[in-house]
1. Which ones in the range 30-64 are closer than 11 Å to ILE84 by Cβ and of a type in the set (Lys, Arg)?
2. Which fully enclosed helices (runs of 4 or more DSSP H) of the range 62-126 have 2 or more residues being of a type in the set (Asp, Glu)?
3. Can you tell me which condition ASP159 does not meet? The list is (1) assigned to a helix (DSSP H, G or I); (2) in contact (Cβ under 8 Å) with a residue 12 or more places away in the chain; (3) not small (Gly, Ala, Ser), and all the others hold.
4. Are any residues in the range 153-172 among the acidic types (Asp, Glu) and surrounded by fewer than 23 Cβ atoms within 10 Å (Cβ to Cβ), and if so, which ones?
5. Filter the range 81-102 down to the residues that are open to solvent by 10 Å² or more (accessible area, probe 1.4 Å) and over 18 Å from MET64 (Cβ atoms) and list them by number.
6. If you take the residues of the range 205-224 that are in contact (Cβ under 8 Å) with a residue 24 or more places away in the chain and open to solvent by 30 Å² or more (accessible area, probe 1.4 Å), which of them is nearest to ALA73 (Cα to Cα)?
7. Can you tell me how many residues within the range 173-202 are under 16 Å from the mean Cα position of the chain (by Cα), among the hydrophobic types (A, V, I, L, M, F, W, C) and surrounded by fewer than 17 Cβ atoms within 10 Å (Cβ to Cβ)?
Amino acid sequence: MKLSKPAIKRLILLVLAIACLVPAMPVAAGSEPPTRAQALAALKRSDPEERRRGALGLAAVGRMEDAPALVAALRDEDELVRAIAEEGVWALWSRSGDERIDDLFRQGVAQMSGERLPEAIATFTRIIELKPGFAEGWNKRATAYYLAGEYRRSLKDCDEVVRRNPQHFGVLSGYGQIYLRLDQPEKALEYFRRALAVNPNLKGVQSAIEELESLIVRRRRRSI
């Protein structure tokens with residue numbers, strides 16, 4: 001079974017919307033969607049269909065403390081398990097456990113998507129004030145600062161994310177992008193490698209690593 005990235009994202013969104021498994025992921029007739037404990041157990045089974053089912057279940061009902069299980073699944077031998085796990089990790093990271101914070105978070109994401117960056121920064125700042133332990137609030141403000149060209153502020157927020165979530169491959173990749181903007185290719189390469197070490201499925205990051213390695217070699221040759 002092979003699905004495109006957009007199809008996988010639609011699948012995850014549907015799971016999150018209805019809090020149950022989609023028909024494409026078969027379950028026994030009359031059975032209930034898995035509980036959090038069942039989803040965690042399913043991720044450890046030998047049957048790839050079960051692991052897919054477990055990854056989808058965690059995307060729907062998992063907690064932040066379940067993220068390491070999905071991060072581990074990023075190395076699963078089954079391509080679809082890996083893809084679902086990646087989307088699921090983002091779902092867990094974006095879930096604060098507080099309905100008011102989650103509403104603000106969705107508002108900030110919409111503002112950022114609409115390129116209303118000052119509003120988005122203000123919204124994510126409010127989230128950080130209300131729940132400073134919520135790493136994704138810092139990450140989204142770091143992204144908004146990056147898009148606004150405020151790279152030093154973005155770096156400071158990235159530091160806050162990593163303190164709270166060291167496995168955040170998104171922010172590790174973000175460091176790389178910032179250091180590219182600051183013309184520090186060696187630092188960018190370091191962080192891209194760290195991001196890929198957590199999530200080996202980041203094809204864009206892999207390509208960036210290869211290009212940076214070539215660039216650094218050329219620069220060193222010119223400096224001799």
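1. ARG51, ARG52, ARG53, listed by residue number.
2. Details: elements: 67-73, 79-93, 99-113.
The qualifying helices (runs of 4 or more DSSP H) are 79-93, 99-113.
3. (2)
4. Within the range 153-172, the first condition is being among the acidic types (Asp, Glu), and the residues that meet it are 157, 159-160.
Hits for the range 153-172 are ASP159, GLU160.
5. As a first pass, look at the range 81-102 and keep what is open to solvent by 10 Å² or more (accessible area, probe 1.4 Å): 82-83, 86-87, 90-91, 94-100, 102.
Of everything in the range 81-102, those that are open to solvent by 10 Å² or more (accessible area, probe 1.4 Å) and over 18 Å from MET64 (Cβ atoms) turn out to be ARG82, ALA83.
6. To start, the set of residues in the range 205-224 that are in contact (Cβ under 8 Å) with a residue 24 or more places away in the chain comprises 205, 208, 212-213, 215-216, 219.
Then drop every residue that is not open to solvent by 30 Å² or more (accessible area, probe 1.4 Å), which leaves 213, 215, 219.
Details: GLU213: 28, LEU215: 33, ARG219: 38 Å.
By that ranking, first place goes to GLU213.
7. 1
The values are calculated or read from the model by the stated rules, or taken from the named source; none is laboratory data. Computed from a predicted structure; not experimentally measured. Counting neighbours? That spans all protein chains shown, and the Cβs are built from the backbone with ideal geometry, glycine included. Remember, those area values only see protein heavy atoms, side chains included, never the ligands or the DNA or RNA. Shrake-Rupley method; radii C 1.70, N 1.55, O 1.52, S 1.80 Å.
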